[in-house]
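In what follows, a single structure is set out as structure tokens and then discussed.
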Amino acid sequence: MAPVQAETLTLEIRHLWNNQPLSIPSAEISTDAGERINLTRLAYLLSEPRLKRSTDSGPLIRSDWFAFVDATDSVSRITISGIPAGSYQSLQLHLGLDEQTDRADPSQYPAKHPLNPIVNNLHWSPQGGYIFVALEGHARPDGAFSYHLGNPRNRVTCEIPVAFQINSRAASPITIRLDFHLDRLFNTETPLATQAQTSTHSREGDPLAETLKKRLATVFTAKVSASSPSLTGDEAEDNNQTPGDLVGTPYPFRIKKGFPIPPLPTDYPLTNERVALGRQLFHETQLSLNGEISCASCHHDENAFADSNRLSSGVDDRVGTRNSMPLFNLAWKSSFFWDGRVSSLREQALVPIQDHVEMDETLENVTAKLAAHPAYPAQFQKAFGSPEITAERLGIAIEQFVLTLTSFDSRFDRATRGGEPLSEQEKRGFELFMTEYDPRRQQFGADCFHCHGGALFTDHQFHNNGLRPTDDHGLETVTGIDTDRDKFVTPSLRNIALTAPYMHDGRFATLEETVAHYTSGGVHRSSTLDPNLAKHPEGGVPLNESDRAALVAFLYTLTDEQYLTSESPSELSRK
């Protein structure tokens with residue numbers, strides 16, 4: 001018997017409001033229930049597609065298929081492969097995951113898998129489980145909402161009628177245009193985004209989670225598209241990637257259980273020789289105009305590679321406008337600097353060299369100085385297979401060293417692995433950290449985990465966290481989009497006790513001042529304030545003195561003690 005031909009089905013997902021394409025973040029929208037809202041985030045997980053055949057045979061079920069959709073993309077294209085030729089009359093998708101998958105170890109998934117927490121930013125670590133649908137925004141004039149639907153009991157089944165034919169002789173794969181109608185969530189008699197229902201985190205018995213579940217079951221419509229999509233963006237990049245030649249000895253990059261697998265570079269795999277060269281270049285003062293400033297001048301080992309000065313300074317003591325960020329666990333990041341203006345570490349490494357305030361040098365001069373150095377040509381030979389010194393190789397070498405600066409062995413980590421337990425005060429701080437503030441459901445936490453959750457204690461996203469504005473508008477200066485005003489990237493809270501001062505401009509000297517910003521009325525309200533902050537009362541999250549102290553005590557447990565030893569992490573990375 002001849003084998004059954006298997007083909008690929010492409011789903012082209014759009015997000016609509018009243019049948020018109022909707023961009024997220026959105027402009028203000030008026031709902032039929034009289035609400036005025038702006039949507040700032042929609043992200044969700046799809047799983048277990050079922051294709052019902054036109055014949056009497058059972059449905060085709062793909063239990064091993066998952067997809068992540070971020071509605072900030074105007075169109076998301078995902079594929080379902082291995083579809084036998086034949087006639088089909090409907091497509092069933094699930095918003096969310098079954099219980100076994102939801103509770104599985106998220107660190108098992110490859111770097112670009114839809115369920116890798118770095119890809120989807122939807123894992124409720126360290127509590128466990130995923131957020132199936134994240135819907136956030138502002139309810140005007142001054143409210144906000146943050147709806148996070150999770151837990152397998154809230155998995156949503158979406159039955160989508162659509163007739164199509166899979167023909168193994170077709171010139172191109174079948175494409176189904178799948179439309180997500182956001183108006184179906186809001187355009188009902190009962191308002192969704194009200195002051196009384198500012199958030200849900202899908203705890204048992206929450207009626208708002210039940211409402212969302214029912215409405216989400218109706219949001220999709222589909223029809224067969226005549227167009228055949230071409231690969232764009234990440235898809236094209238993935239298919240064009242070719243591994244680079246391995247020169248030298250492979251570097252053993254290690255992580256602890258529970259950490260997601262990072263997307264390490266494949267064009268230049270990590271090697272001991274490149275890491276060693278990058279380490280030396282990181283401390284090389286010849287990268288600066290006056291021969292006195294190196295990368296290490298603003299990224300100190302004892303401060304978890306951050307700068308203890310409020311504003312970092314460069315050649316001739318020129319003072320910048322921001323505090324230098326710590327450099328650890330950057331293998332999991334995809335954008336760099338407080339405003340995310342570069343997308344790779346190798347590119348980031350070259351920016352300070354050329355910045356007038358920082359090193360104020362040219363790449364041409366730097367490569368010439370290194371080429372004239374008695375030791376560097378031989379080191380580049382070992383690292384790259386030839387003695388040629390270029391700006392590209394300079395950036396790659398520094399990138400390789402910085403990628404080895406990891407942090408995952410704090411007292412908190414050891415306690416979660418069964419080591420010495422935290423104190424009662426520290427446990428209380430962790431409870432506050434991981435609990436939302438929602439009097440409606442008698443939850444009175446500090447609500448930190450939305451931006452600082454996961455194994456890395458950061459979502460790597462950009463947020464306006466309510467700082468009093470200055471002339472530095474953060475992400476907006478990069479994108480030119482007014483809805484990005486005053487947004488800065490979320491720093492990791494790992495080693496937070498070592499990285500003072502805090503915020504992009506170092507305005508808070510202590511952790512106590514930082515906590516007070518969120519709990520004592522310091523949050524400045526504006527149109528771009530993150531909904532997870534804007535949903536709270538005007539005075540912020542009301543924590544008493546004892547709870548604020550407990551929260552700070554917990555934050556101290558996130559210190560990785562390698563940064564407290566006499567042997568610096570720069571040296572430890574040699575081992």
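Relative to the longest principal axis of the Cα atoms of the chain, the long axis of helix 207-216 lies at roughly 70 degrees.
Projected label points at Thr190 and Ser527, each 7 Å from Cα along the beta carbon direction, are separated by 3.2 nanometres.
The mean sequence separation of alpha-carbon pairs under 8 Å and at least six residues apart, normalised by the residue count of the chain, gives a relative contact order of 13 percent.
With the simple spin-label model, which puts each label point 7 Å out from Cα in the Cβ direction, the Gln165 to Asn19 separation comes to 2.8 nm. Cα extents for the chain along the principal axes, largest to smallest and rounded to whole angstrom: 77, 66, 47. For the pair Glu538 and Glu513, a Förster radius of 22 Å applied to the C-beta separation gives a FRET efficiency near 0.65, rounded to the nearest 0.05.
For the range 385-487, the square roots of the Cα gyration tensor eigenvalues, ordered a ≥ b ≥ c, give a/c of at least 1.5 with a/b no greater than b/c, which places it in the oblate category.
Relative to the longest principal axis of the Cα atoms of the chain, the long axis of helix 272-282 makes an angle of roughly 70 degrees. Between Phe444 and Ser334, the modelled labels are 4.0 nm apart [label points 7 Å from Cα along Cα→Cβ].
The solvent-accessible area of Tyr437, taken with every protein chain present and a 1.4 Å probe, is close to 40 Å². Solvent-accessible surface of the range 425-535, taken per residue with a 1.4 Å probe and all protein chains present: 37 Å².
In the chain, taking the dipole from charged Cβ atoms about the Cα centre, the farthest positive-side position among Asn323, Thr565, Ala43 is held by Ala43. Dipole magnitude for the chain: computed about the Cα centre from +1 point charges on Lys and Arg Cβ and -1 point charges on Asp and Glu Cβ, it is near 1660 debye. Computed per residue of the chain from DSSP H runs no shorter than four, each worth -39500 (n - 2.57), the mean residue ellipticity at 222 nm is -6000 deg cm²/dmol. Short-range pairs are left out: with C-alpha atoms under 8 Å and at least six residues apart, the relative contact order of the range 412-455 is 25 percent. In whole percent, how big is the carbon plus sulfur part of the accessible area of the chain, probe 1.4 Å, protein atoms only? Of the solvent-accessible surface of the chain, carbon and sulfur hold 49 percent. Were the residues from Thr390 through Asn365 laid out at 0.36 nm apart, the gain over their Cα-Cα distance would be 7.9 nm.
Each part gets one Cα centre, and for the range 307-337 versus the range 45-100 those centres are 44 Å apart.
For the chain, the longest principal axis of the alpha carbon atoms and the long axis of helix 545-556 meet at an angle near 70°. Peptides 344-354, 206-216 ranked from most to least packed by the mean count of surrounding Cβ atoms within 10 Å: 344-354, 206-216.
With Cα atoms defining each centre, the range 265-296 and the range 384-457 are spaced 25 Å apart in the structure.
Multiplying the residue separation of Glu545 and Ala217 by 0.36 nm and subtracting their alpha-carbon distance yields 113.7 nm.
The values are calculated or read from the model by the stated rules, or taken from the named source; none is laboratory data. Computed from a predicted structure; not experimentally measured. Heads up, the Cβs are rebuilt from the backbone with ideal geometry, glycines too, and the neighbour counts pull from every protein chain shown. What goes into the accessible areas is simple: the full protein's heavy atoms, side chains included, and nothing from ligands, DNA or RNA. Shrake-Rupley method; radii C 1.70, N 1.55, O 1.52, S 1.80 Å.
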